[in-house]
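Enquirer: Encoded as structure tokens, here's the structure I'll be asking about.
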Amino acid sequence: MIVMKFGGTSVEDAKAITRVAEIVQDRIGQKPVVVVSAMARVTDTLLTMARAAGAGDRKAALKLCRSLQERHYNTASELLGTARFTDFHSELGSDFELLDELLRGISAVGEITPRTTDHVAAFGEMLSSKIVAAAFSSHGIKSEHVDSREVLVTDSNYMSAAPQTEETNQRLQAKVKPLVDSGHVPVMGGFIGANRAGITTTIGRGGSDFSAALFGAGLGADRIDIWTDVDGILTTDPRICPDARRIKVISFDEAAELAYFGAKVLHPATVLPAIQKNIPVYVLNSRNPSCEGTKITTQAPRGNNIFKAIAVKKRITIIDVAAPRMLLAHGFLRSIFEAFDRHKVAVDVVSTSEVSVSLTVDSNQAIPALAADLAKLADVKYEGRKAIVCLVGESLREKSGVAALVFRELSDKKIRMISQGASEINLTFVIEEDEVPEVIQRLHGVFFADPDPEVYA
Ligand code: ADP
Ligand code: ASP
Ligand code: MG
């Protein structure tokens with residue numbers, strides 16, 4: 001049994017979904033369980049309409065809802081043909097009626113909570129999974145749609161709910177495994193689940209990869225395939241550096257580090273359930289299915305290059321917290337981190353001195369409220385438009401002089417923070433966001449000029 005997860009771009013329109021059906025058809029002998037994201041950009045649109053409704057702008061919310069309805073109807077009718085679409089039409093129609101009602105309710109109250117946000121956001125995966133299941137059937141694949149909210153049990157931390165593994169595994173065994181055993185292809189939405197009371201939740205943006213890994217681990221899959229729109233995990237973001245190379249094999253630790261520091265191709269948590277069960281994960285291209293992609297395993301060849309890949313995380317804010325001398329000595333760091341905890345703001349990079357602490361956070365977080373809280377402890381300054389660059393590779397553990405190589409190359413650049421050591425396999429620093437393309441292209445040019453053919457394609 002294998003789990004195949006298709007991301008937003010892989011199900012963005014009828015043509016893409018047809019490609020997915022062909023890919024699944026070709027692997028039918030391996031007993032696939034299919035997990036899909038919402039169609040490309042749909043989650044963003046749903047969140048925009050939820051916010052519009054929450055701000056009382058009913059008209060704007062409903063207008064967005066209608067355009068989404070049209071897109072899903074068009075895709076479904078193109079895939080299913082007129083006869084089949086007539087039946088399916090009413091199913092999609094009742095989902096959109098629910099969404100319409102929900103948006104009217106939210107705009108009447110004029111308030112959007114994390115719980116109602118999840119109700120709206122979940123429509124993306126609910127709709128895409130139904131359409132993909134129907135498309136499979138009309139392609140001659142014996143498929144069955146499974147509502148993930150009846151399988152993925154989470155806590156009630158709306159918008160980034162934590163999966164409850166034991167209960168989820170029980171439901172996978174009860175609801176999904178029998179379908180596979182009877183020769184069906186279950187089709188499920190990623191990203192969405194429900195708490196124990198059955199209220200819809202989501203597990204965080206980009207979470208469909210995580211769903212796929214949880215399902216793969218719970219079902220004891222032989223492998224998990226993450227199908228996306230690039231040939232695999234590349235040496236860096238191909239949008240910044242078009243000559244990025246495909247990595248043939250990468251270790252779980254390296255992939256997790258890259259994902260954490262911005263390589264959007266994989267959700268950071270994805271690798272965890274798979275590592276624990278030693279299930280290999282592949283990243284593959286649905287537009288180029290014959291390409292071997294990237295294999296992620298516990299052990300990977302190190303190769304001759306110092307780094308395996310370079311990740312970049314943009315939209316970063318540096319927060320500087322400065323206290324009078326010596327105050328930092330005792331209990332001060334704890335009170336700073338407690339403030340971050342209260343505001344549920346995650347910290348990526350930290351550096352300290354006797355009198356100050358600098359921390360980086362995602363600029364999308366509620367920084368002004370956090371800064372006001374921190375200002376009770378010390379002087380606080382924050383500055384946005386920064387980026388984290390993270391060079392990752394297991395060879396870093398043994399090699400000396402690596403930092404000198406990196407920073408010599410960037411001797412004309414202002415480096416704001418540097419960190420190495422936490423995992424022993426990354427060298428991380430903070431730069432100005434507008435210097436990202438130049439910095440990445442330069443580093444890529446130096447460290448991947450001569451890629452080891454054992455590791456890179
Ligand atoms: P999906 O919709 O399939 O989940 P994502 O958009 O989440 O796809 O991730 C794929 C994108 O990640 C690629 O199109 C690419 O632009 C970006 N990306 C960033 N860093 C990397 C990297 N190191 N290797 C491959 N892709 C990367
Ligand atoms: N659709 C969700 C998102 O855009 C989850 C995913 O695609 O992984 O965040
Ligand atoms: Mg993704």
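Enquirer: Could you work out the relative contact order of the chain? I mean the mean sequence separation of Cα pairs under 8 Å and 6+ apart, divided by the number of residues, in percent.
Expert: The normalised contact order for the chain reaches 14 percent.
Enquirer: Placing unit charges on C-beta atoms (Lys and Arg positive, Asp and Glu negative, everything else neutral), compute the dipole magnitude of the chain about its Cα centre in debye, rounded to 20.
Expert: Its charge dipole is roughly 180 debye.
Enquirer: A further question follows. Report the Cα-based extents of the range 315-392 along its three principal axes, largest first, to the nearest Å.
Expert: Principal extents (Cα only, largest first): 33, 27, 18 Å.
Enquirer: Note down the nm distance, to one decimal, between modelled labels 7 Å out along Cα→Cβ at Arg397 and at Glu438.
Expert: 3.7 nm
Enquirer: Can you tell me the convex hull volume per residue for the range 49-122, based on C-alpha atoms, in Å³ to the nearest whole number?
Expert: 71 Å³
Enquirer: With 10 angstrom as the radius, rank Thr360, Thr168, Thr45 by how many other C-beta atoms surround their C-beta, starting from the fewest.
Expert: Going from least to most buried by this count: Thr45, Thr168, Thr360.
Enquirer: OK, next. Taking the radius of gyration and the Kirkwood hydrodynamic radius from Cα positions alone, what is the Rg/Rh ratio for the range 227-300, to two decimal places?
Expert: Reported Rg/Rh (Cα atoms, Kirkwood Rh): 0.94.
Enquirer: Rounded to the nearest 500, what is the 222 nm mean residue ellipticity of the chain from helices alone, with -39500 (n - 2.57) per DSSP H run of 4+ residues and division by all residues?
Expert: Only helices count here, giving -12500 deg cm²/dmol.
Enquirer: Under 20 °C and 1.002 mPa s, how fast does the range 158-315 diffuse according to Stokes-Einstein, given a Kirkwood radius computed over C-alpha pairs? Answer in µm²/s, whole number.
Expert: 129 µm²/s
Enquirer: Now a separate question. Over the Cα atoms of the range 107-238, Rg to Rh with Kirkwood Rh, two decimal places?
Expert: Rg/Rh for the range 107-238 comes to 1.00.
Enquirer: Report the Stokes-Einstein translational diffusion coefficient (µm² s⁻¹, integer) for the range 1-152, Rh taken as the Kirkwood radius over Cα pairs, at 10 °C with viscosity 1.306 mPa s.
Expert: Value of D from the Cα-based Kirkwood radius: 99 µm²/s.
Enquirer: Mind jotting down the three principal axis lengths of the range 161-254 based on Cα atoms? Whole angstrom, largest first.
Expert: Principal axes ranked by extent give 47, 30, 23 Å for the Cα atoms.
Enquirer: Right, next: Here is the link list: Lys15/Lys142; Lys177/Lys264; Lys175/Lys344. Which ones come out longer than 27 Å on Cα distance?
Expert: Distance filter (> 27 Å) returns Lys177/Lys264; Lys175/Lys344.
Enquirer: Projecting each Cα onto the charge dipole of the chain (Lys/Arg +1, Asp/Glu -1 at the beta carbon, about the Cα centre), which of Ala38, Ser107, Thr82 comes out farthest on the positive side?
Expert: The residue sitting farthest along the positive end of the dipole is Ser107.
Enquirer: Shifting gears a bit: Per 10 Å bin, what is the whole-percent P(r) computed from every C-alpha pair distance within the chain?
Expert: Bin by bin from 0 Å, the calculated values are 4, 19, 27, 26, 17, 6, 1, 0.
Enquirer: Follow-up. Under the Kirkwood approximation applied to all pairs of distinct alpha-carbon atoms, what is the hydrodynamic radius of the range 257-375 in Å?
Expert: 17.6 Å
Bear in mind these aren't lab numbers, they're just calculated from the coordinates by the rules spelled out. Only a predicted model underlies this, so the values are computations on that prediction, with no experimental measurement involved. Note that each Cβ is placed from the backbone with ideal geometry, even for glycine, and that neighbours are counted across all protein chains shown.
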